[in-house]
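Inspection log for the structure reproduced underneath, given as structure tokens.
The values are calculated or read from the model by the stated rules, or taken from the named source; none is laboratory data. Just so you know, these numbers come straight off a predicted model, no measurement behind them. Every residue, glycine among them, receives a Cβ derived from its backbone with ideal geometry; neighbour counts consider all protein chains shown.
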Amino acid sequence: MSAPHPTGLPYTPSVRAGDWVVVSGQVGLVDGALVDGIEAQTEQTIANLAAQLASHGLTLQDVVKTTCFLADLEQFAAFNGVYGAAFAEPRPARSAFQVARLVTTEPWADPIGVPFRAGLATHR
């Protein structure tokens, strides 16, 4: 089973490498459109990550590390609330950064607060 390619850009959304599954960065897109608001974007980003993991028979509980990119760290508390609710203990190791610009499929989309997540998961 393969998860949908969220952007159509030339990369692989997720790939198995031995006992590991590497998931490319995910954003809060639904049908090619960015959802509104940091909470909704974070929820959708996590849903997109979960879909990629599911295509390899994995769940969010299999994630061991995430890297989170936000355009505005002023929105970190809102992002963190959704993120914390999505991952049960023990949560994955995490790095979080503010970035100046994020890639989207729509160059006119306002990327403020868009979380861009990548996950690594072990195969059960």
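Brief remarks follow.
- In this structure, Leu58 does not qualify as in contact with a strand residue (DSSP E or B) (Cβ under 6 Å, 6 or more places away or on another chain), aliphatic (A, V, I, L, M), in a helix (DSSP H, G or I) and surrounded by 12 or more Cβ atoms within 10 Å (Cβ to Cβ).
- Unmet criterion (only one of (1) exposed (fewer than 13 other Cβ atoms within 10 Å of the Cβ); (2) modelled with pLDDT under 90) for Val27: (1)
- Near pairs, Cβ below 9 angstrom, 6+ apart or cross-chain, from the range 31-45 (part of a helix (DSSP H, G or I)) to any residue that is among the charged types (D, E, K, R): Ile38/Asp72; Thr42/Arg117; Thr45/Arg117
- Restricting attention to the range 61-100, the residues that are over 17 Å from Val23 (Cβ atoms) and assigned to a helix (DSSP H, G or I) add up to 12.
- Any pair with Cβ under 6 angstrom, 6 or more apart, that starts in the range 53-80 at a residue that is free of Cβ contacts under 8 Å to residues at least 60 places away in the same chain and within 18 Å of Gly25 (Cβ to Cβ) and ends at one that is among the basic types (Lys, Arg) and surrounded by 17 or more Cβ atoms within 10 Å (Cβ to Cβ): Thr66/Arg117; Cys68/Arg117
Here's the yes/no breakdown for (1) in contact with a Lys or Arg (Cβ under 6 Å, 6 or more places away or on another chain); (2) modelled with pLDDT of 85 or more; (3) hydrophobic (A, V, I, L, M, F, W, C):
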{"position": "Met1", "(1), (2), (3)": "no, no, yes"}
{"position": "His5", "(1), (2), (3)": "no, no, no"}
{"position": "Tyr11", "(1), (2), (3)": "no, no, no"}
{"position": "Arg16", "(1), (2), (3)": "no, yes, no"}
{"position": "Thr45", "(1), (2), (3)": "yes, yes, no"}
{"position": "Ala51", "(1), (2), (3)": "no, yes, yes"}
{"position": "Ser55", "(1), (2), (3)": "no, yes, no"}
{"position": "Ala71", "(1), (2), (3)": "no, no, yes"}
